[in-house]
Amino acid sequence: MLEQDGATRSKEYRLRRQSLLNREIRITPVLNPERLWDDHIAPVLGDDRADVRDLCRGAFGDVIRNVILHAQASWLTVSFSTTTRDIEVTVGDDGCGLFVRLGERIGVRDARECAELMRRHANARSTDFPAARLALLGRHFATFSIASSGLTLEFDAPTDAWELRDDDRPGPGTRVSFRLRRTGYTMSSNSRRSSEADSTSSTLKPSAIPSSI
């Protein structure tokens with residue numbers, strides 16, 4: 001469905017966006033990503049293809065579990081919206097920041113240097129880097145971005161590449177966003193060949209990908 005924006009002579013039309021979930025959630029030991037999905041999102045995606053639902057559910061759970069286990073955060077925010085064409089998800093937290101946390105593990109103090117290392121490993125499809133799970137998972141989406149420490153690391157499916165840029169909405173913690181087409185799950189040909197050649201990657205089972213940070 002289209003909605004109109006602008007004056008009569010400068011009308012613009014865009015797909016109407018439906019917000020399914022937009023809330024702040026306190027992180028506790030009993031926080032359950034599957035319960036969030038089942039209560040707020042699954043009913044709306046009932047008519048979508050099974051592979052689309054499974055991929056979104058797996059990524060949603062992975063990102064939230066990553067926050068719970070590694071972000072040292074107290075709160076997370078979840079935004080989930082759809083148009084007739086796309087599904088978009090954003091998960092943010094108030095933790096120490098992914099590039100800072102990752103830097104602590106690999107001995108790199110500068111967040112930008114750490115993000116650049118992650119970009120190079122992601123483009124090389126490396127599986128021996130601490131954040132390999134997020135990087136491999138991101139390749140299954142039209143766009144997938146990780147924003148932290150004033151930087152955004154983003155995967156773009158048409159170019160089949162990860163790029164690093166300054167974040168246009170800098171804030172505390174980490175913000176992970178991804179977008180997937182609803183009409184059918186397709187990957188770029190390069191990503192498809194990579195997935196077929198790499199047994200650690202799966203289009204339908206994100207849990208098969210190596211663990212993240």
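The values are calculated or read from the model by the stated rules, or taken from the named source; none is laboratory data. Please read these numbers as outputs of a predicted model, since none were measured by experiment. Here the Cβ positions follow ideal geometry from the backbone for every residue, glycine too, while neighbour counts run over all protein chains shown. Surface areas here come from the heavy atoms of the whole protein model, side chains and all, with no ligands, DNA or RNA. Shrake-Rupley method; radii C 1.70, N 1.55, O 1.52, S 1.80 Å.
Structural remarks
- Given (1) part of a helix (DSSP H, G or I); (2) modelled with pLDDT of 90 or more; (3) under 18 Å from the mean Cα position of the chain (by Cα); (4) not acidic (Asp, Glu), number of the condition residue 36 does not satisfy: (2)
- In the set 124, 135, 142, 111, only one residue is small (Gly, Ala, Ser) and surrounded by 24 or more Cβ atoms within 10 Å (Cβ to Cβ); that residue is 135.
- Counted residues, region 148-163 - those being touching a helix residue (DSSP H, G or I) at 6+ places or on another chain (Cβ under 9 Å) and either open to solvent by 10 Å² or more (accessible area, probe 1.4 Å) or assigned to a loop (DSSP other than H, G, I, E, B) (or both): 7
- Test for residue 145: is it under 26 Å from residue 103 (Cβ atoms) and either at pLDDT 50 or above or in a strand (DSSP E or B) (or both): yes
- Lone qualifier among 86, 54 - being surrounded by fewer than 23 Cβ atoms within 10 Å (Cβ to Cβ) and touching a strand residue (DSSP E or B) at 6+ places or on another chain (Cβ under 7 Å): 86
- With respect to the conditions (1) closer than 20 Å to residue 149 by Cβ; (2) open to solvent by less than 70 Å² (accessible area, probe 1.4 Å); (3) not in a helix (DSSP H, G or I), residue 78 falls short on a single one, namely (1).
- One residue stands out in region 164-185 among those that are open to solvent by less than 20 Å² (accessible area, probe 1.4 Å) and over 9 Å from residue 147 (Cα atoms): the one that is modelled with the highest pLDDT, namely 178.
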